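The values are calculated or read from the model by the stated rules, or taken from the named source; none is laboratory data. All values reported here derive from a predicted model rather than from experimental measurement. Here Cβ is always computed from backbone atoms with ideal geometry, including for glycine, and neighbour counts include all displayed protein chains.
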Amino acid sequence: MESETKAARRVHCVVLAYPAQGHINPLLEFSKRLQHGGISITLVCTRFFCNKLQKLPDSNIAVETISDGFDNGGIDEAESQKINYYDRFREVGTQTLIELIEKLKRTGKPVDCIIYDSFLTWALEVSRKLGLLGVSFLTQNLAVDCIYEHVNKGKLQLPLVKDEIISLPAWLSSLEPWDMPSFLYEYEPGNAVLDLVVGQFSNIEKADWILCNSFYELEIEVADWMRKIWPNLRTIGPTIPYKFLNNNNDKLEDEEDYGFSVFRSSEECTKWLDNQPKQSVAFVSLGTLVSVSEEQMEELAMGLTDSGINFLWVVRESEEAKLPKDFPRKSLKGLVVSWCHQLKVLSHEAIGCFVTHCGWNSTLEALSLGVPTVAMPLWSDQRSNAKIIKDVWKIGVRSEFDEKGVVRREALKKSIWEIMKGERGIEVKSNAMKWKNLAAKAVNKGGSSWNNIEEFMDILSHLKV
Ligand code: UDP
């Protein structure tokens, strides 16, 4: 009787997310996909981050927490105490993850596999210790992974040599130092974030599987190169709900919300967009982490106003005080909100271009929904993504920065006009539509990501449970 119950038990994966919106979104969507395929999922994040999240809509995904050692303030608390957040997270996270997995076992939900954000390499050690499958999930694209892997292996020396073209495989060999992730371009030995992003690859070859939120057709050369060093690497993206990718065909789930947001959603956006002509609006959002100078904020505000193009601009609450005094939050030409449902906005027919900081999720969302981009990269891997957007996928332009690192109002206006009114716009829009179709093809039945996910679920279903 007992063995029958055991045989009937569904395979159970703990999906461990790094505490940031851009990391939890792809893992949440991937979790829903696995759950739909019959895998039982417990999504795990840190206590502080989870407490900030809005309730997950009814998706049957269980949520549990572990501790990073800073349950009252996360990374900001660590910074105020001048403690290395990542070291403490490794120590306390390891301990509390083990406790959680033991608790799940005691309560009749034994865990078979840990799928962990590649930033949290210590989760692989936990999976080994507990005899579980350990799966690393890369939330950046393969090109950026390839760059960090070269640093990890010592094949790309830091600091970078000024003006020297970087030598990496495939099209990456034409990168200039400025196109590299900011931690490499502005190298500081001992930078904890640099150690984190490069450290992702320190034990990755020991992972049972490596999954990446990208799709094969998007990064063929780099994917082929990486599969030679990591044969167990699979692309499974874009992790965007099917209803957005397929204009509603073949729905996997009906949830209205993207789910799991640190921010309040703004219904105002959709209403406002409904009253705008087709492809007439520039959507502006710089993600959930970067903070810009007051000078940059003013240039953005004036550039948008001077462009004469209607705009929808997300300015997070923490950035709002930097807006020029008296800048209208709502006018005939523009709407400023503190948060929006980005996928809904990007898929609205009123949107003509996306002024983006080029975070990987935003880049992939724009590309998968066929929206041309004005790239305004600010930090981390965003410059590399901007380079690919402009020169490889050719789905947008990159705004010019001045010597102070600011995009001036004229430069922003010029970029928006190039996309919305110029010849270039026609070309990038047609490329964006090409990628949109390829993205949908990759995740639909029989596509490259679909097949990779099926293969992965097949492996999971054969785990001895
Ligand atoms: N996002 C959103 N609404 C907003 C701003 C951001 O839904 O107003 C989502 C966006 O769709 C993306 C994520 O938050 O999935 C941001 O991730 P990304 O990698 O683009 O940037 P990061 O915030 O990590 O810099």
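Which count do you get for residues in region 173-203 that are assigned to a helix (DSSP H, G or I) and of a type in the set (Asp, Glu)?
Number satisfying all stated conditions: 2.
Output the residue which, of all residues in region 225-281 that are outside any loop (DSSP other than H, G, I, E, B) and acidic (Asp, Glu), is modelled with the lowest pLDDT.
Restricting to residues being outside any loop (DSSP other than H, G, I, E, B) and acidic (Asp, Glu), the top hit is Glu268.
Considering only region 25-64, state which residues are modelled with pLDDT of 90 or more and at positive phi.
Gly38
Scan region 298-316 residue by residue and report those that are more than 15 Å from Ala411 (Cβ to Cβ), in contact (Cβ under 8 Å) with a residue 24 or more places away in the chain and within 16 Å of the ligand (Cβ to nearest atom).
Phe311, Leu312, Trp313, Val314, Arg316
I'd like to check something: does region 301-322 contain any residue that is farther than 21 Å from Met420 by Cβ, aromatic (Phe, Trp, Tyr) and surrounded by 17 or more Cβ atoms within 10 Å (Cβ to Cβ)?
Taking every residue of region 301-322 in turn, none turns out to be farther than 21 Å from Met420 by Cβ, aromatic (Phe, Trp, Tyr) and surrounded by 17 or more Cβ atoms within 10 Å (Cβ to Cβ).
Quick grid of which residues meet (1) of a type outside the set (Val, Ile, Thr); (2) more than 29 Å from Val126 (Cα to Cα):
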site	(1), (2)
Val161	no, yes
Ala170	yes, yes
Leu175	yes, yes
Ala207	yes, no
Phe215	yes, no
Leu218	yes, yes
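What are the residue pairs meeting all of these: first residue in region 141-156, first residue outside any helix (DSSP H, G or I), second residue among the small types (Gly, Ala, Ser) and buried (at least 20 other Cβ atoms within 10 Å of the Cβ), Cβ atoms under 8 Å, and 6 or more apart or on different chains?
Asn141/Ser214
Can you find a residue in region 98-120 that is small (Gly, Ala, Ser), more than 27 Å from Pro238 (Cβ to Cβ) and touching a helix residue (DSSP H, G or I) at 6+ places or on another chain (Cβ under 9 Å)?
Going residue by residue through region 98-120, those that are small (Gly, Ala, Ser) are 108, 118.
Those left that are additionally more than 27 Å from Pro238 (Cβ to Cβ): 108.
Going one step further and asking which of them are touching a helix residue (DSSP H, G or I) at 6+ places or on another chain (Cβ under 9 Å), we end up with none.
Within region 98-120, not a single residue is small (Gly, Ala, Ser), more than 27 Å from Pro238 (Cβ to Cβ) and touching a helix residue (DSSP H, G or I) at 6+ places or on another chain (Cβ under 9 Å).
Look through region 383-408, keep the residues that are under 15 Å from Asp179 (Cβ atoms), hydrophobic (A, V, I, L, M, F, W, C) and surrounded by fewer than 23 Cβ atoms within 10 Å (Cβ to Cβ), and return whichever of them is farthest from the chain's Cα centre (by Cα).
Selected residue: Phe401.
What number of residues in region 323-337 are surrounded by fewer than 16 Cβ atoms within 10 Å (Cβ to Cβ) and touching a strand residue (DSSP E or B) at 6+ places or on another chain (Cβ under 9 Å)?
Looking only at that region, the number is 5.
Are any residues in region 74-97 under 16 Å from Val44 (Cα atoms), surrounded by 20 or more Cβ atoms within 10 Å (Cβ to Cβ) and touching a helix residue (DSSP H, G or I) at 6+ places or on another chain (Cβ under 6 Å), and if so, which ones?
Within region 74-97, Gly74, Leu97 meet the criteria.
If Phe119 meets every condition in (1) outside any loop (DSSP other than H, G, I, E, B); (2) in contact (Cβ under 8 Å) with a residue 40 or more places away in the chain apart from one, which number is that one?
Checking Phe119 against (1) outside any loop (DSSP other than H, G, I, E, B); (2) in contact (Cβ under 8 Å) with a residue 40 or more places away in the chain, the one that fails is (1).
Name, by its number, the condition in (1) crowded, with 24+ Cβ neighbours inside 10 Å; (2) among the hydrophobic types (A, V, I, L, M, F, W, C); (3) at negative phi that does not hold for Cys358.
(3)
In the set Thr121, Thr107, which member is of a type in the set (S, T, N, Q) and over 25 Å from the mean Cα position of the chain (by Cα)?
Testing whether each residue is of a type in the set (S, T, N, Q) and over 25 Å from the mean Cα position of the chain (by Cα) leaves just Thr107.
Just wondering, is there one or more residues in region 129-152 that are more than 23 Å from Asn232 (Cβ to Cβ) and either of a type in the set (Ser, Thr, Tyr) or surrounded by fewer than 24 Cβ atoms within 10 Å (Cβ to Cβ) (or both)?
As a first pass, look at region 129-152 and keep what is more than 23 Å from Asn232 (Cβ to Cβ): none.
Looking for residues that are more than 23 Å from Asn232 (Cβ to Cβ) and either of a type in the set (Ser, Thr, Tyr) or surrounded by fewer than 24 Cβ atoms within 10 Å (Cβ to Cβ) (or both), one finds none in region 129-152, hence no.
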